[in-house]
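Participant: For reference, the structure I am asking about is given below.
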Amino acid sequence: MKNTLLISALVALSVLFSLNCFMFPDSYEELTGKLKSEKIKLETSNTNGFAVVELFTSEGCSSCPPADELMAKLQQESQNQNIYFLAYHVDYWDRLGWKDQFSSNEFTVRQQQYQNWLNLYVMYTPQFIINGMTEFAGYNETTLSKKISDALVMKPTSNLELIAKSTDKDSISIHFKTNEIQENSNLFIATVQKEAISKVARGENKGATLHHVQIVRQLKGFPLNEKEDNLKVAKPTNFEAKNWELIGFIQNISTGKISATAKVNLM
């Protein structure tokens, strides 16, 4: 009995230590400095592979700014590659003194879906997920680049094409085309604000000015019943075409796997 209690205590301490490693970093300035001094190297091939990089983050989390900085750095250094970035601001940090202006319970629910799909015990920020199939915690540049490289060398079996027009006053018209319809798959359209700056007045990041990129403002899923069709999504508040883009992806809603993706600017 004593041995069982001792083992349980050691496991609990180990979990708390690992959580502390990414939820309570040494310092934002120190970590940001490390990120700026390194160079990401991504291995690619001629398979036309892609990587959908989803980041679950929050302005109320002290560990999140380095992850946001890492995603922005990678985006800048990989502009000619098939890498698609999506930052979801969850809302469960909002109760701790600072409400993230970009947060939504919708994105918390999406992270909960990944918790089920990937058989994870806990939810946390920052969390990166690649192509809906692999994840890791924190802001380790080497780990992120390795997981993205692994995704880029995988040969895709599906394709997706998007055309979008924002001529309507309240909505964006989208025409999509894919080469196959897979069972249990939805087409998701993310409306993405390319960048924004926030000054945090309270909470763990009090006094920090945070630069965000690829902020998902809304995510809509549509059952994939046809290989080609038209659909619409609502325009977000303060929409200005040059500052936004749409990223679409086909995802299996039973496993989380993303099989195809595409991006379109709204100019």
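The values are calculated or read from the model by the stated rules, or taken from the named source; none is laboratory data. This is a predicted model, so every value here is computed, not measured. Quick reminder, even Gly has a Cβ in these numbers, built from the backbone with ideal geometry, and neighbours come from all protein chains shown. Calculation scope for accessible area: heavy atoms of the full protein, side chains included, ligands and nucleic acids excluded. Shrake-Rupley method; radii C 1.70, N 1.55, O 1.52, S 1.80 Å.
Participant: Which residue is nearest to residue 168 (Cα to Cα), if the candidates are limited to region 206-221 and must be open to solvent by less than 50 Å² (accessible area, probe 1.4 Å) and out of contact with any helix residue (DSSP H, G or I) (no Cβ under 8 Å at 6 or more places or on another chain)?
Facilitator: Looking at residues that are open to solvent by less than 50 Å² (accessible area, probe 1.4 Å) and out of contact with any helix residue (DSSP H, G or I) (no Cβ under 8 Å at 6 or more places or on another chain), I get 221.
Participant: Hey, among 256, 203, which residue is open to solvent by less than 30 Å² (accessible area, probe 1.4 Å) and in contact with a helix residue (DSSP H, G or I) (Cβ under 7 Å, 6 or more places away or on another chain)?
Facilitator: Step by step, each of 256, 203 is checked, and only 256 is open to solvent by less than 30 Å² (accessible area, probe 1.4 Å) and in contact with a helix residue (DSSP H, G or I) (Cβ under 7 Å, 6 or more places away or on another chain).
Participant: Now a separate question. Limited to region 172-192, what total is found for residues that are surrounded by 13 or more Cβ atoms within 10 Å (Cβ to Cβ) and in contact (Cβ under 8 Å) with a residue 60 or more places away in the chain?
Facilitator: Qualifying residue count, region 172-192: 11.
Participant: Looking at region 251-267, I want the residues that are touching a residue at least 60 places away in the same chain (Cβ under 8 Å) and charged (D, E, K, R) and have a partner that is open to solvent by 30 Å² or more (accessible area, probe 1.4 Å) and not in a strand (DSSP E or B) with Cβ atoms under 9 Å, at least 6 apart or on another chain. Which pairs are those?
Facilitator: Taking only residues 6 or more apart or on different chains, the pairs are 257/117; 257/133.
Participant: May I ask you to verify whether residue 29 is within 28 Å of residue 217 (Cα to Cα), open to solvent by 80 Å² or more (accessible area, probe 1.4 Å) and at pLDDT below 55? Steps first, please.
Facilitator: Values: within 28 Å of residue 217 (Cα to Cα): yes; open to solvent by 80 Å² or more (accessible area, probe 1.4 Å): yes; at pLDDT below 55: yes.
Here the answer is yes, as residue 29 does meet what is asked.
Participant: Check residue 138 against each of (1) crowded, with 16+ Cβ neighbours inside 10 Å; (2) free of Cβ contacts under 8 Å to residues at least 24 places away in the same chain and name the one condition it does not meet.
Facilitator: (2)
Participant: Something else: Just to verify a result, which residue in region 42-72, among those that are more than 27 Å from residue 106 (Cβ to Cβ) and modelled with pLDDT of 60 or more, is farthest from the chain's Cα centre (by Cα)?
Facilitator: Once the filter is applied, the top-ranked residue is 47.
Participant: Let me confirm something: among 79, 75, which residue is over 14 Å from residue 54 (Cα atoms) and open to solvent by 20 Å² or more (accessible area, probe 1.4 Å)?
Facilitator: None of the others qualify; the one that does is 79.
Participant: Six or more apart or on different chains, Cβ atoms under 9 Å: show the pairs whose first residue is in region 74-100 and farther than 13 Å from residue 57 by Cβ and of a type in the set (Val, Ile, Thr) and whose second is in a loop (DSSP other than H, G, I, E, B) and open to solvent by less than 30 Å² (accessible area, probe 1.4 Å).
Facilitator: 83/50
Participant: Which residue, of 238, 225, is within 23 Å of residue 131 (Cα to Cα), part of a loop (DSSP other than H, G, I, E, B) and open to solvent by 10 Å² or more (accessible area, probe 1.4 Å)?
Facilitator: 225
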